[in-house]
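Novice: This structure is in structure tokens; I'll ask about it shortly.
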Amino acid sequence: MTSDAVIDLERQYLLQNYSRYPLVVHRGKGCHVYDVNGNRYLDFITGIGVNALGHAHPRIVKVIRDQAALLIHTSNLYYHEYQGPLARKLAEVSGLQRTFFTNSGTEAMEGALKMIRSHGNKNGGKHEIISLDNSFHGRTFGALSITGQAKYRKDFEPLTPGVRFVPGNDIAALEAAFSDSTTGMVMELIQGEGGIYPATHEYAQKARELADRHNALLVFDEIQCGVGRTGSYFSYQRALPAVLPDIMVTAKPLACGLPLGAIVANEKAAATIGPGMHGTTFGGSALACRVALEFFDILEGLLPSIQQVGGYLHLMLNELARKHSFVKEVRGFGLMIGVELTIPGKQMVLDAMAEGLLINCTHDTVLRMLPPYIVTERDVDAAVKALGKVFAKQKGSPA
């Protein structure tokens, strides 16, 4: 099918809830994707952080082929060979103890919220949850209720009550928000959709201290900033001593494009969910879990490169930023980058696409980059060169 035919068919039959870019992707290889006309693009958004090993990674392709020929799905009525080993691996790399597998990040967040609410009911019926301004936790009702951006919530209110929003990195406001009615706090260590804003280590430490003081569960949302994205397994491990949550939710890169998320909890939080209190039909399939095990085997060797190439990307973007007054700041860690502008960035995304580079824009003025973990410094040079051409087109840029 031609690009126009694909787009026209979707306009006729799909809900029109996505503002898609006019690109029909046909295939991918490594750090690149190709459209139906054969044009090549350097993929620096990777399915919004999902395709962490790029496209058609030979080891992932082999595992998918092998496992698809054996067993794809059983349901959780029965055991299969891969949930246990994957849960053990998550325990080893997270510092937590027990895992529940889901299909997506927002489903993992829903399960975490049920754990918070169950914990509150077991401890005097308290129900207040603290979340951060500017946060994003998903699009289901519970996840929307704790998302600190009104533009996502307003069309679906009233949502789940009992949520208090506080500004990030404001320790005084956080202390004022906690009370004996608080049963949980949810936070991203690096806000993704909110514009790549990191929480300070001191803020995370204070959240841990207050949660302990008020017998509340602390939840870290690692859906976008976790599983290697920052150069450590999880973003809460960037600073030492690591601040451990009671619950960690993760998803995006876990199965390299197959739907898989996880709730990983300590024993205290895990005890809030008993038999029959939660479940999933598709979560933790044999195919997705086996792919995730292969991913973790590959990821271990990539973590130093993520730090090295991520540092190089930061350096090159900062050099580019110094040449253009409309670039306000370059933020992020590892291969999770936000370039904040003083002007709208949506057209720049389209201009970058015309230069063969795929990025996206969040919060209207932040160009977001989530390159694959296999990216090289040569790929970074190509991306920055393309972005330089885009920036040069802007009014007031140097000749």
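Novice: I'm trying to understand the selection: among the residues of segment 116-140, which are among the β-branched types (Val, Ile, Thr) and open to solvent by less than 40 Å² (accessible area, probe 1.4 Å)? Lay out the reasoning, then the answer.
Specialist: Going residue by residue through segment 116-140, those that are among the β-branched types (Val, Ile, Thr) are 116, 129-130, 140.
Across segment 116-140, the qualifying residues are Ile116, Ile129, Ile130.
Novice: Let me ask another. Any chance you could count how many residues in segment 149-188 are among the charged types (D, E, K, R), more than 18 Å from Ile116 (Cα to Cα) and either assigned to a helix (DSSP H, G or I) or open to solvent by less than 40 Å² (accessible area, probe 1.4 Å) (or both)? Walk me through how you get there before you give the answer.
Specialist: Within segment 149-188, the first condition is being among the charged types (D, E, K, R), and the residues that meet it are 151, 153-155, 157, 164, 170, 175, 180, 188.
Filter once more, so that each one left must be more than 18 Å from Ile116 (Cα to Cα): 151, 153-155, 157, 170, 175.
Narrowing the set further to residues that are either assigned to a helix (DSSP H, G or I) or open to solvent by less than 40 Å² (accessible area, probe 1.4 Å) (or both) leaves 151, 153-155, 175.
Summing the residues that are among the charged types (D, E, K, R), more than 18 Å from Ile116 (Cα to Cα) and either assigned to a helix (DSSP H, G or I) or open to solvent by less than 40 Å² (accessible area, probe 1.4 Å) (or both) in segment 149-188 gives 5.
Novice: Of all the helices (runs of 4 or more DSSP H) wholly in segment 23-102, which have at least 3 residues that are on the phi > 0 side of the Ramachandran plot? It would help to see each step written out before you state the result.
Specialist: Values: elements: 46-49, 58-68, 83-94.
Correct list: 46-49.
Novice: Give all pairs with beta carbons closer than 6 Å in which a residue from segment 1-14 that is at negative phi meets a residue that is among the aliphatic types (A, V, I, L, M) and assigned to a loop (DSSP other than H, G, I, E, B); count only pairs at least 6 apart in sequence or on separate chains.
Specialist: Hits for this filter: Ser3/Val24; Ser3/Val36; Val6/Val24.
Novice: Looking at Val25, is it open to solvent by less than 90 Å² (accessible area, probe 1.4 Å), in contact with a Phe, Trp or Tyr (Cβ under 9 Å, 6 or more places away or on another chain) and at pLDDT 95 or above?
Specialist: Working: open to solvent by less than 90 Å² (accessible area, probe 1.4 Å): yes; in contact with a Phe, Trp or Tyr (Cβ under 9 Å, 6 or more places away or on another chain): yes; at pLDDT 95 or above: yes.
In short, yes.
Novice: Just to be sure before I move on: is Gly388 open to solvent by 10 Å² or more (accessible area, probe 1.4 Å), under 28 Å from Ser19 (Cβ atoms) and out of contact with any Leu (no Cβ under 7 Å at 6 or more places or on another chain) in the structure I sent?
Specialist: On the way: open to solvent by 10 Å² or more (accessible area, probe 1.4 Å): yes; under 28 Å from Ser19 (Cβ atoms): yes; out of contact with any Leu (no Cβ under 7 Å at 6 or more places or on another chain): no.
When the stated conditions are applied, Gly388 does not pass them.
Novice: Sticking with this one: Identify all residues within segment 352-399 that are among the charged types (D, E, K, R) and either in a loop (DSSP other than H, G, I, E, B) or farther than 26 Å from Gly30 by Cβ (or both); write none if there are none. Break it down stepwise before answering.
Specialist: First, the residues of segment 352-399 that are among the charged types (D, E, K, R): 355, 364, 368, 377-379, 381, 385, 389, 393, 395.
Selection gives Glu355, Asp364, Lys393, Lys395.
Novice: Tell me, yes or no, whether segment 302-312 has at least one residue that is assigned to a helix (DSSP H, G or I), among the small types (Gly, Ala, Ser) and touching a strand residue (DSSP E or B) at 6+ places or on another chain (Cβ under 9 Å).
Specialist: Within segment 302-312, the subset assigned to a helix (DSSP H, G or I) is 302-312.
Now drop any that are not among the small types (Gly, Ala, Ser), which leaves 305, 310-311.
Remaining after also requiring touching a strand residue (DSSP E or B) at 6+ places or on another chain (Cβ under 9 Å): 310.
Yes, the conditions are met somewhere in segment 302-312.
The values are calculated or read from the model by the stated rules, or taken from the named source; none is laboratory data. Predicted model, so just to flag it, every value in this text is computed and none were measured. Cβ: placed from backbone, ideal geometry, glycine included. Neighbour counts: every protein chain shown. Areas reflect the complete protein model, heavy atoms only, side chains present, ligands, DNA and RNA absent. Shrake-Rupley method; radii C 1.70, N 1.55, O 1.52, S 1.80 Å.
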